[in-house]
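Report on the structure given below.
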Amino acid sequence: MFPNQFDYHRPTTVAEAVGVLQQNPDAKVLAGGHSLLPAMKLRLAAPSALVDLSKVEGLTGISTNGSVVIGAMTTYAELRDSAALKAALPIVPETAYHVGDPQVQAVGTLGGSLAHADPSADFTAVALALDASVKAVGADGDRTIPAEELFVDLFTTSLAPDEVLTEIHIPAATGRTGMAYEKFRHPASGYAVVGVAAVVSVGVDGTVAQARIAVTGATSKATRATAAEQALVGKPLSADSIAAAAAVANQGLELNGDHYASAEYRAHLLGVYTRRALERAAASLG
Amino acid sequence: MVAAQEAPAKLVGQPLKRREDPRLITGAGNFLDDVKLTGLCHAAVVRSPYAHARIVGIDAEAARRMPGVVAVFTGEDLAEVNPLPCAWQAGNVQNNVNTPRLLALGEVHQVGDPVAVVVAESAYLATDAAAAVEVSYEELPVVVDARKATEPGAPQLHDNAPNNVVMNWTCGKEAAEVDAALAAAPVRVNQRVVNQRLIPTAMEPRGSIGRYDEGTGEYTLWATSQAPHVHRLLTAAFVLGVPEQKIRVIAPNVGGGFGSKIFLYFDMPLVLWLSKQTGRPVKFFEDRSENYLHTTHGRDHITDIEVGAEPDGRITALKVKTWANLGAYLSTIAPGIPTTLYGRMVAGCYKIPNIHVDVTGVYTNTAMVDAYRGAGRPEAAFVIERVCDLVAAETGLDPAEVRRRNFIQPEDFPYDSGIGMLPYDSGNYELALDRAMENVGYAALRQEQAARRANGSRKLLGVGLSSYVEVCGVAPSKWIGLAGEGWGAGLWESANVRVHLTGKTVVTTGSLPHGQGHETTFAQLVADELGVPYDDIQIEHSDTQGTPFGFGSYGSRSLTVGGTAIYKSVAKVREKAKELAAHLLEAAPEDIVFENGKAFVRGTPDASKTIQDLALAAHVAYDLPPGMEPTLEATTFYDPPNCTFPFGTHVCVVEVDRDTGEIDLLRYVAVDDVGNVINPLIVDGQVHGGIAQGLAQALYEGAVYDDSGELITGTMNDYAIPRARMVPTYELDRTVTPSPVNPMGAKGAGEAGTIASTPAVANAVIDALAHLGVRHLDMPLTPEKLWRAMAPKTG
Ligand SMILES: Cc1cc2nc3c(=O)[nH]c(=O)nc-3n(C[C@H](O)[C@H](O)[C@H](O)COP(=O)(O)OP(=O)(O)OC[C@H]3O[C@@H](n4cnc5c(N)ncnc54)[C@H](O)[C@@H]3O)c2cc1C
């Protein structure tokens, strides 16, 4: 478990970090290190240099005035324990609680999770369901990338190698909104074999105005279950509409299988976990 | 004179916190990787990426030229060094022995086989250089499944093992006799069960440091070892051909072993050889990936069961055929596990008149398999406890009733199970079953189960029982050591107890801990028996220099065998102290009473000599009785007359989600009988850990190889050892049936939890699905397997 040799940089500003990345094409950003360092120790990753963001100013913190802004270096533990998020976006602290274990939560970061795009990560699905976007800073300034465009494939994002993800933006919920994340944990890794995030808004007429359902674990990247979403919109959020949505949760998705859980089983789990997520989202409407 | 004091409270039976824990859990322990030596070099091993291949060539030139590289060696350089020994072969049958060389020569037989070693100034440089060693291979066909390996046309691993067979071994009655009993039985069940391969996963992986001293010609080996004396013997006399007295083996604090650190591994002699070659101390420390790939695995049986019973549940005949996968080579005691420790225990707690066991040990292109916590007995308990439930399902009887009707009764002890095991020492199996059923509320659970089934609940309830008996304190030498069991050595233990001039007491023991709390348990025992304060007692262990020979810690034998050696040494010291007291008090030795550390003439406790007074007198030695030698110490080599046989019943209650197959562990009730208990806290801890390991086999763990011989559960990301949230709260209880075998009446507690829990959990899960026609499922019982088993049958 000894990584290849690498250089180490610890910039104090984003601009400095971007500068180092530009000069070192094989460099990697280091956030919590809970995905990157194990990969380096297994020699699956061999960056020429690490650009440690831990001393960069302004990358942590949670703001909940209207839309929610979360600094990329905010840890799961901070998300998990945030009273403001529990009130504004309860799915976020709830999901943070289900990431790994307390040690992982203490060190792993939201920005790291989204930038890593592990196909079994939890927050990728939650970001899609919340219609989040990220701010990326590169040599030519910054840009906003919607979560949908961020995740390209397994472990692949649309971030350029010299871009630093600095913030996560989540639009304010409209109307009555319920949300929940349901996860079938892999017994070894603790990651999602199947995870379903559901965010459902109900209009004044009592029918579903907007439904965003995203799945992780089952596919090569976190993906929206659009068939399930469509099954809900315009319907009252009831046992019947939930069942109808659950029944089509895996429609149009290409599912993974491995020795622990086959694609067929994951397809089945998607239905059950979509139902469970929607039931809890409905209950949280109050 | 001080006024008569109250007798101090006895420590035996007290739940003392382990005195070693503050050091071990605050980073103050001294584990192998903490050992720092001047000039230390680091070894990295080049390993085969193929499960079976011929080595065509090795080019190490680039590696040799890399900065910081001290030396690179290949199998050719070690061609003169013996392969590792296999010390326990199956008794009375031919064993086709192939053991690993320190580095492979010519062929590799598993992924991870060491083919070359790099010694460098740092572990980083060594790892980089190992990656630069170029090895070319010619791939050969691979087999990973034990049954398939014995079939005609299967790839062959070793020339001297046709059809990859290590040995064929049987016990019990002749097959024909048991066949006849089966044919006559009104109730018949046949079932194939798989006891899957497990990876021991000690918290600390394995490693070794070798130092050769040119001045004295002496070698020192630091190793993560459960058996330093044996490792010295095997390294010296069997592998390197170095005089035994020239090797010293030290086991620093060892972070768990579960059996995997009993064995002699390639790196132990290798680091000594490397140190002599390079003139530098050399360390090898495997990483977790290497640990998973190449340190021994456990279990891996495929077993065909045929059972015959009466309609009233009495089992009349049991025929067992097992293919035991032993991996690419034989590890140190591999053949003994599926024979003596498995085959001879398949009767479990039951009187079964006709048993035939047939075991085939098999080579495959996988990691070596050897003893892993429970070692053979978990596999045996799994077979017989599944048998009880299968008979219950077939006869319609309650599983508890089947067990009850077959139990060996208290008056039957000592009991000979008829398949070559030593007689079970003592037991009261029904008492433990009754207690467990009462503690869990068995009748109410069965009612609730029936109600849920009737109302179509989506949460299926399952209740699983496991009544187990196991064999601990493995010995005596004249049984295990002779040809019938093939161990080929003794299995006694030793202890020296020495009261110093100051009254401080040092115990040196051949038993040693790797997490079990020996320093606490042994000190409690000595404090009570000798009457010296607990804090004055030091337990010394784990270093061949300064401790008497011991065979090591495994098989739940430290207390029953090693502890008895201590107990007997204390008794000898006490006798000598009494003799000395008689002399000083001018009385006859037979009139001296020794109580709570004081010797006095019967009836006059006020005029006493304390053990400290006597220790002083024995050391200054100017007033000793005629003929008495100075000092107060004694040594005992103890070879017990029999093994001990702990037992009990565990009950697990599970809920299975009808929609997904997900399992919830609702309750776990254990009633164990480990005989008399020295430290109940430590015993509870052993039971907790054991249950966690056993239930993990039932639900989570399983090493999986693909057809090319690659270990696809090669990291903790894929191989599921249980986390805290994956185990239930344990509800523990005990019955106490002292063992007549040793003076403490103890039976051993290190493995019981593991042995009992796997079948309890598996039986519970299968029971939850019984009304759907499910009779058996193979472990690990993953949700997907249950989901498939519950799916409506089509076609
Ligand atoms: C034992 C264990 C269990 C785990 N269980 C779970 C689980 O259940 N669910 C789950 O979702 N995850 C789990 N994880 C992963 C954990 O959440 C990781 O911490 C996370 O995925 C990555 O975050 P990090 O801050 O550690 O990133 P790092 O490991 O530091 O980085 C990951 C990748 O993202 C890049 N990166 C990081 N931050 C930025 C940034 N700001 N800008 C640009 N690129 C960046 C890095 O260069 C690297 O390529 C587990 C990890 C461990 C070790």
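Matching residues to (1) under 19 Å from B:Ala749 (Cβ atoms); (2) open to solvent by 30 Å² or more (accessible area, probe 1.4 Å); (3) in a strand (DSSP E or B):
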| site | (1), (2), (3) |
| --- | --- |
| B:Cys652 | no, no, yes |
| B:Val683 | yes, no, no |
| B:Gly694 | yes, no, no |
| B:Ala698 | no, no, no |
Within region A:116-134, the residues that are closer than 18 Å to A:Leu159 by Cβ and either more than 7 Å from the ligand (Cβ to nearest atom) or open to solvent by 40 Å² or more (accessible area, probe 1.4 Å) (or both) are A:His116, A:Ala117, A:Pro119, A:Thr124, A:Ala127, A:Leu128, A:Ala132, A:Ser133, A:Val134
Restricting region B:743-777 to residues that are in contact with a strand residue (DSSP E or B) (Cβ under 6 Å, 6 or more places away or on another chain) and surrounded by fewer than 24 Cβ atoms within 10 Å (Cβ to Cβ), the one nearest to B:Lys568 (Cα to Cα) turns out to be B:Gly745
All-but-one check, A:Ala96 against (1) more than 14 Å from chain B (Cβ to nearest Cβ); (2) open to solvent by 50 Å² or more (accessible area, probe 1.4 Å), failing number (2)
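Listed residues A:Asp101, A:Asp81; which is near the ligand (Cβ under 8 Å from one of its atoms), in contact (Cβ under 8 Å) with a residue 12 or more places away in the chain and more than 14 Å from A:Ala192 (Cβ to Cβ)?
Unique residue meeting the criteria: A:Asp101.
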(request) Evaluate the following for B:Pro740: is it more than 12 Å from chain A (Cβ to nearest Cβ), in contact (Cβ under 8 Å) with a residue 40 or more places away in the chain and surrounded by fewer than 16 Cβ atoms within 10 Å (Cβ to Cβ)? (result) yes
Within region B:562-582, residues under 23 Å from B:Asn742 (Cβ atoms) and acidic (Asp, Glu) come out as B:Glu575
### Query
Does A:Val68 count as within 14 Å of another protein chain (Cβ to nearest Cβ) and open to solvent by less than 20 Å² (accessible area, probe 1.4 Å)?
no
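In the list A:Leu232, A:Leu285, which residue meets the criterion of being at pLDDT 95 or above and either more than 11 Å from every other protein chain (Cβ to nearest Cβ) or closer than 30 Å to B:Gly714 by Cα (or both)?
Working: A:Leu285 fails: at pLDDT 95 or above.
The unique qualifying residue is A:Leu232.
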Scanning region B:650-707 for residues that are among the charged types (D, E, K, R) and in contact with a His (Cβ under 9 Å, 6 or more places away or on another chain), the one farthest from B:Thr521 (Cα to Cα) turns out to be B:Asp659
Taking region A:13-48 and keeping residues open to solvent by 70 Å² or more (accessible area, probe 1.4 Å), away from every other protein chain (no Cβ under 11 Å) and not hydrophobic (A, V, I, L, M, F, W, C) leaves A:Glu16, A:Gln22, A:Gln23, A:Pro25, A:Asp26, A:Lys28, A:His34
Of B:Glu80, B:Glu121, B:Glu76, the only residue that is without any contact (Cβ under 8 Å) to a residue 24 or more places away in the chain, surrounded by fewer than 24 Cβ atoms within 10 Å (Cβ to Cβ) and over 30 Å from B:Asp358 (Cβ atoms) is B:Glu80
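Search region A:203-215 for residues being over 13 Å from A:Asp131 (Cβ atoms) and open to solvent by less than 10 Å² (accessible area, probe 1.4 Å), and hand back the single one that is farthest from the chain's Cα centre (by Cα).
A:Val208
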Only one of (1) near the ligand (Cβ under 9 Å from one of its atoms); (2) open to solvent by 10 Å² or more (accessible area, probe 1.4 Å) does not apply to A:Gly111, and that is (2)
Scanning region A:216-234 residue by residue, those within 16 Å of the ligand (Cβ to nearest atom), of a type outside the set (A, V, I, L, M, F, W, C) and more than 17 Å from A:Asp131 (Cβ to Cβ) turn out to be A:Gly217, A:Thr219, A:Ser220
| message | Please verify whether A:Asp162 is among the charged types (D, E, K, R) and either away from the ligand (no atom under 16 Å from the Cβ) or open to solvent by 30 Å² or more (accessible area, probe 1.4 Å) (or both), treating the condition exactly as stated. | response | yes
Out of (1) touching a strand residue (DSSP E or B) at 6+ places or on another chain (Cβ under 8 Å); (2) in the same structural domain as A:Glu264 (by TED's automatic domain parsing); (3) open to solvent by less than 40 Å² (accessible area, probe 1.4 Å), the one A:Tyr191 does not meet is (3)
- Query: For region B:703-714, does any single residue satisfy the condition of being assigned to a loop (DSSP other than H, G, I, E, B) and within 26 Å of B:Leu341 (Cα to Cα)?
  - Reply: yes
When every residue in region B:364-404 that is part of a loop (DSSP other than H, G, I, E, B) and among the hydroxyl-bearing types (Ser, Thr, Tyr) is compared, the one nearest to B:Ser757 (Cα to Cα) is B:Tyr372
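The values are calculated or read from the model by the stated rules, or taken from the named source; none is laboratory data. Keep in mind that this is a model prediction, so the values were computed, not measured. Backbone-built Cβ (ideal geometry, glycine too); neighbour counts: all protein chains shown. We work out accessible area using only protein heavy atoms, side chains counted, and drop any ligands, DNA or RNA first. Shrake-Rupley method; radii C 1.70, N 1.55, O 1.52, S 1.80 Å.
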